[in-house]
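Participant: Quick one: the structure is below, and I'll ask about it shortly.
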Amino acid sequence: MSPHFTLDEARALDMHDPLRAFRERFILPEEIVYLDGNSLGALPARSAARLREAVENEWGRGLIRSWNLHDWIGAPQRAGALIAPLIGAKASEVVVADSTSQNLFKLIVSAIRAAGGRGAVLTEAGNFPTDLYIAEGAVGLFGDCTLKVVPTDDLPAAIDDDVAVLVLTHVHYKTGARHDMAALTAAAQAKGALVIWDLSHSAGAIAVDLNGCNADMAIGCGYKYLNGGPGAPAFLFVAERHQLHLSPATTGWMGHAAPFQFRDDYQPAPGISRFLCGTPPVIALAALEESLGIFAEVDQVLLADKSALMCDLLIALVEERCAGFGFELITPRNPAARGSHVSFAHDEAHAICQALIARGVIGDFRAPDVLRFGCTPLYCGFEDIWRAVDTLQMVMATRAWDSPEHQLRQRVT
Ligand SMILES: *Cc1c(COP(=O)(O)O)cnc(C)c1O
């Protein structure tokens, strides 16, 4: 990358971007540079109309008939089938349900039960908080089970004959570091353990090949890169070979083999649907399906390539234009070793983030000292990256962050 990368050069990259047209499929305020799609994806242009249709026509006019008439009942599997090609899975291996946290709970409990006496759930220190909390809660249900939380570098050595399941987040929410899914899956399986991958910061932005890695199970988020809307339902993956011998932790009627026979006894559905629990959130699923329809048109290789290039550009520009301002890059430089966000540690990260937001550049802050920029390849462009760093340089050079209003911490950061 040449020094003094200019706005014109960024615009030229956008002009030649094969995914350029997808930006029009989203509604983004003109004045905003949105680098937080890894936390809450943008609103697809057609989602509002789709939601209106789901509410006014399907619910309002169709009423209860819409379970069949508009196949509401099939939405969890339909959405799962749309996610499958994004994560290297078969349609019959993915279903949309509940939240990421709940899906993790369901799969950890199933994995512990299937492990026949193995007594440990293994994860890494610094994993996303809900993953740690859920793992702690799940092992607490079993008298003889413990949670082992080890530093990342110690993971391979910590996989021993006592580990029932290894729980890892593919792309780290703070650093953006990406685990070697194939290698860690193979290492765990060699010791007889299962692995659950959390794809919350991967699906929809970078290449994921679950079956290529012989993955066992995975979960992921619907409202980040998948743009399903705030609190969108999440997904889960269980490899075909495991579906029949894993017993669901939440034995609700939607996971029953025949829910509408209203039998007294529980009989799990023969496939991925056994991991459903209660009635699907139909309106939220309509928004997610609408968004996933966009991905069906996107070349996944182009998406991953653009993600890598955007992150490269962001790193190069910050290092060029913000040198001497105290930013420490904590994201790997090698695109194959990271996800689609770039993070810097800085003592004033919170105030800097607030000053950026006040100037229309939305990234986010992760306590205690991380400034994080999500590069969503589907609707962000190279000009966005250039503008974000231009604003960052100005905020730093003028010390605009150093003002009382940027110290205020809100409930959600
Ligand atoms: C965003 C995220 C979640 C979200 O879980 P919810 O149940 O939707 O709150 C879980 N795990 C990881 C790694 C995440 O990044």
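The values are calculated or read from the model by the stated rules, or taken from the named source; none is laboratory data. Predicted model only: the values in this text are computed from it and were never measured. Using ideal geometry, Cβ is built from the backbone for each residue, glycine included, and neighbour counts are taken over all protein chains shown.
Participant: Tell me whether the range 364-387 contains one or more residues that are modelled with pLDDT of 95 or more, out of contact with any Phe, Trp or Tyr (no Cβ under 8 Å at 6 or more places or on another chain), closer than 21 Å to Ile32 by Cβ and of a type in the set (S, T, N, Q).
Facilitator: There is no residue in the range 364-387 that is modelled with pLDDT of 95 or more, out of contact with any Phe, Trp or Tyr (no Cβ under 8 Å at 6 or more places or on another chain), closer than 21 Å to Ile32 by Cβ and of a type in the set (S, T, N, Q).
Participant: Being assigned to a helix (DSSP H, G or I) and under 20 Å from the mean Cα position of the chain (by Cα) is the filter here; which residues of the range 333-389 pass it?
Facilitator: Passing the criteria: Pro335, Ala336, Ala337.
Participant: Which of the residues belonging to the range 87-116 are among the small types (Gly, Ala, Ser) and touching a strand residue (DSSP E or B) at 6+ places or on another chain (Cβ under 6 Å)?
Facilitator: Across the range 87-116, the qualifying residues are Ala89, Ser99, Ala111, Ala115.
Participant: Kindly provide the set of residues from the range 156-181 that are under 18 Å from Leu104 (Cβ atoms) and part of a helix (DSSP H, G or I), ordered by number.
Facilitator: Of everything in the range 156-181, just one residue is under 18 Å from Leu104 (Cβ atoms) and part of a helix (DSSP H, G or I), namely Met181.
Participant: Check Leu313, Leu292 and return the single one that is under 30 Å from Glu53 (Cα atoms) and buried (at least 17 other Cβ atoms within 10 Å of the Cβ).
Facilitator: After ruling out the rest, the residue left standing is Leu292.
Participant: Inside the range 275-297, can you point out the residues that are outside any helix (DSSP H, G or I) and touching a helix residue (DSSP H, G or I) at 6+ places or on another chain (Cβ under 7 Å)?
Facilitator: Across the range 275-297, the qualifying residues are Leu276, Cys277, Gly278, Thr279, Pro280, Ala296.
Participant: Just to be sure I understand, how many residues within the range 390-403 are charged (D, E, K, R) and assigned to a helix (DSSP H, G or I)?
Facilitator: 1
Participant: In the range 93-137, what count of residues is obtained for those that are within 13 Å of the ligand (Cβ to nearest atom) and among the basic types (Lys, Arg)?
Facilitator: Adding up the residues that qualify gives 1.
Participant: Taking the options Gly229, Gly252, name whichever one is closer than 26 Å to Ala215 by Cα and of a type outside the set (Ser, Thr, Tyr).
Facilitator: Gly252
Participant: I need the full set of residues from the range 92-113 which are of a type in the set (D, E, K, R), under 15 Å from Thr251 (Cα atoms) and in a helix (DSSP H, G or I), in order please.
Facilitator: The answer is Lys106, Arg113.
Participant: Given the structure, is Leu184 assigned to a strand (DSSP E or B), in contact with a helix residue (DSSP H, G or I) (Cβ under 8 Å, 6 or more places away or on another chain) and within 16 Å of the ligand (Cβ to nearest atom)?
Facilitator: Answer is no for this residue.
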